[in-house]
1. 5 Å is the cut-off here: which amide hydrogens, built 1.01 Å from N in the peptide plane, fall below it relative to Asp491, excluding neighbours closer than 5 in sequence?
2. Between Phe61 and Asp706, what is the spin-label point distance in nm, taking each point 7 Å from the Cα along the Cα→C-beta axis?
3. So what J values fall out for the range 327-338 if you push phi through Karplus, 6.51 cos²θ - 1.76 cosθ + 1.60 with θ = phi - 60°, rounded to Hz, Gly and Pro as x?
4. Ignoring any ligand, DNA or RNA, what whole percent of the accessible area of the range 443-540 comes from carbon and sulfur when the probe is 1.4 angstrom?
5. Quick check on packing: order 531-542, 337-348, 243-254 by the mean number of other C-beta atoms within 10 Å, highest mean leading.
6. May I ask you to give the solvent-accessible area per residue for the range 514-577, in square angstrom, as obtained with a 1.4 angstrom probe?
7. If packing is taken as the mean number of other Cβ atoms within 10 Å per residue, what is the order of 128-138, 176-186, highest first?
8. If we count every other residue with Cβ under 12 angstrom of Leu570's Cβ, Lys/Arg +1 and Asp/Glu -1, where does the sum land?
Amino acid sequence: MSNQTTPRPVSLRKRFFIPFLVVCGVTFALAGGYGIFLSTSLALPKSDEHPPLLIYGAPFFLTPGLHPVDSGLLDHLQRLEYKPVSGTPRVAGEYVTTKDSIEIFLHAQEENRLPARSIRLMLMNGIVTEVVSVPDSQPLSLVSLEPVLISGMRSGSRQVREWIPIDRVPPILIKTLLLIEDRRFFSHFGVDPIAIGRALWVNVTRGVVVQGGSTLTQQLAKNLFYSPKRTLGRKLRELMAAMTLEFKYRKEEILESYLNEIYLGQAGPVSIYGVGEAAHRYFSKNLDELSMDEIALIVGLIKGPNAYSPVKSVEEATKRRNVVLRRLGEEGILTEDVVAQAMNRPVKVMLNQDVLTDAPYFVDHLLKDIEQGIGMDIPDGARIYSTLDPRAQRIVAQGLQEGLTKLEKNYPTLAGVEPPLQGAVVVLDVKTGHVLAMVGGRNYRLSQFNRAVQAHRSAGSLFKPFVYLAGFEAARDQGATGLTPTTLLVDEPLTLESDAGSWSPQNYDRQYRGQVTVRTALEQSLNVPAVRSAHRTGISAFTNLLHAFGITTPLADNLSLALGSSSVSLLQITSAYAGLANGGVVIHPVALSNMVREGRETIWSPPLDRRQAATPQGAFLITSLLKGVMDRGTGVKARALGVRGPVAGKTGTTDGYRDAWFIGYTPTIAIGVWVGFDDERPIKLTGAQAALPIWSELAVRLIPRDLQDFEMPVGVVRRMVDPKSGQLATSQCPEKTFEFFITGTEPTVYCEVHGGGFWERLKQTFSVPQ
């Protein structure tokens, strides 16, 4: 036998104990290092940190000639939270209306350095005749209401919020919050082991996650520093961050940040953060004005801001509110009677009026324009004064939604398809180029693609007015190759040869009318005469004119351009038509009036881009023809739908019926409408069928009554002509009509179709009025 002794085995405890100590040491070292890192990098937001960027609408001017009803003055006062009173207004924000006047105690306007003051609008037959000061009745000029706040931006999202110090938060709200969300807030160290244990037990016993154990500090850390994605790593980092915040800040500071930073849902495109913003957005109240049931609703939202949103579901919001109220009763914070009364009150959301200015597409366009203009990010706390007319925006947003829904009802093949039928609308001030309203689609939440600006679609017949305008402009220089409204064009089959092959344009109805005047060709939107006219004046003259009117998209270098084969954006083509309304002066559309810092120092104002794209005479002639479109041509349906006053417009239908357009204008505004599918499927409707009804509904509400007609410029003459021959009318012509001409291009030959003209020549010789 060997005398060698067998080595004693190392005990199992020692074998694992040392590695365990090493792992623990490394873990604690890493945790400690991470904690030190967090203590230096994590910081709670302060009340003066990153102030929101605020966006305002255009000012509402109070001037003689204003129609209070048509202009929506009283609605505008309500949106600005003015209150009607029965007697004399005594404080800023009050107004009174009588048969003969409207007296308003205006709010102070810091941006214009104007104090609060009383003014009176004198009325006659419902129209403002004079604006005077109170009490001395001195005439005033350039008086306006303060601009409406339409949106805001903070930390990259749509939000507008005022920081509320904790001492301004009602104690009952804080008590309710702590009871529902974190009753041991003032005793734990950022993590509540009891709450975590309770949540684990409930979730395990029920087999599903029904309860969470996060403290207010953990929720705050998650909202401020981490993504909402649920992972073990994120949860551990959240725990460390919560303990770091508790080590670094007082409880009151953490609670104040929570009350101002907690996400509480959406109101339109605006994200709601903080209890103060929730009170303002949901109930149009300050925190100290909230009732007990409203406080319970706001606190109840924390568990699921979108699931329990009173905007989305009053029923779910009521259930959650009542859960909070019952807890308050069970804990003895509220009496049974108070709980019963609060639970019996219906949930009534009174969205603050600025939420109802749903202009997310406009705001996106505005911010993009500003960033491109200044070449950098917009600074925090800036005040942006936009061109948006809040009333026009609401009308347009509502009108487009209702119009598309009506189309789907009348044409069932358009409904229930993916992607859905879409539309866009733009409203411009023709004198300033200001964008008064813009809607880029049916639902901004589902699609942020702005079809008013970003979509480039075939123009179709919308280019035809510019074909004839090029001819009118050429008439004074090129004589016979130019055009007048009575120039006869051949509407017969046409085949054109090119390197790409032969092309035979056809009219919409595939019919031909023989000889027609330029006026008839445009009023009836005939294709063949338009192509012949473009060929007559030359494609280069036509493309140069389109560029001059602000069309920057690539244009085809062939005659198909006359029928709108190239693409444009709705904003561009509406701006071009606004140039026609403005006497041939094109103003690049702008969405910004001015941007200032908090100290009212101007950061940037867009430069005025204004150019004379065509003569006033040529533009007036085209406007006259487009008025005929509304009275006798493809836009005549608008009159049946209630459109009144001096209006010019044009339908647009593209090849294959993929796009439906209507652009129309008055001497003051231009409105553009597009309808179609994003994937360019045919809608199988013309512009008159799909876009014109929507345009008409908007025009009825936006065009003021008693609007003056387009002013005829110097250099235009009017003559009585025979519409069939295009020549001067005689006593023997069965049909006569007045027509406009650029001076020097008017006809001089009397009608050779019906004869006569002797007496007319005699009268002309002796200067006898005809």
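1. Correct list: Arg513, Gly514, Gln515, Val516.
2. Rounded to a tenth, the inter-label distance reads 1.8 nm.
3. 4, 4, x, 4, 8, x, 6, 10, 6, 4, 5, 5
4. Roughly 46 percent of what the probe reaches on the range 443-540 is carbon or sulfur.
5. 531-542, 243-254, 337-348
6. Accessible area per residue, the range 514-577: 30 Å².
7. Values: 128-138: 13.8, 176-186: 17.6.
So the order, starting with the most tightly packed, is 176-186, 128-138.
8. Net local charge, Leu570 excluded: +1.
The values are calculated or read from the model by the stated rules, or taken from the named source; none is laboratory data. What you see is a predicted model, and the numbers here were worked out from it, not measured in a lab. Because the Cβ atoms are built from the backbone with ideal geometry, glycine has one as well, and the counts that use them run over all protein chains shown. When the accessible area is computed, the model is the full protein with side chains, heavy atoms only, and any ligands, DNA or RNA have been set aside. Shrake-Rupley method; radii C 1.70, N 1.55, O 1.52, S 1.80 Å.
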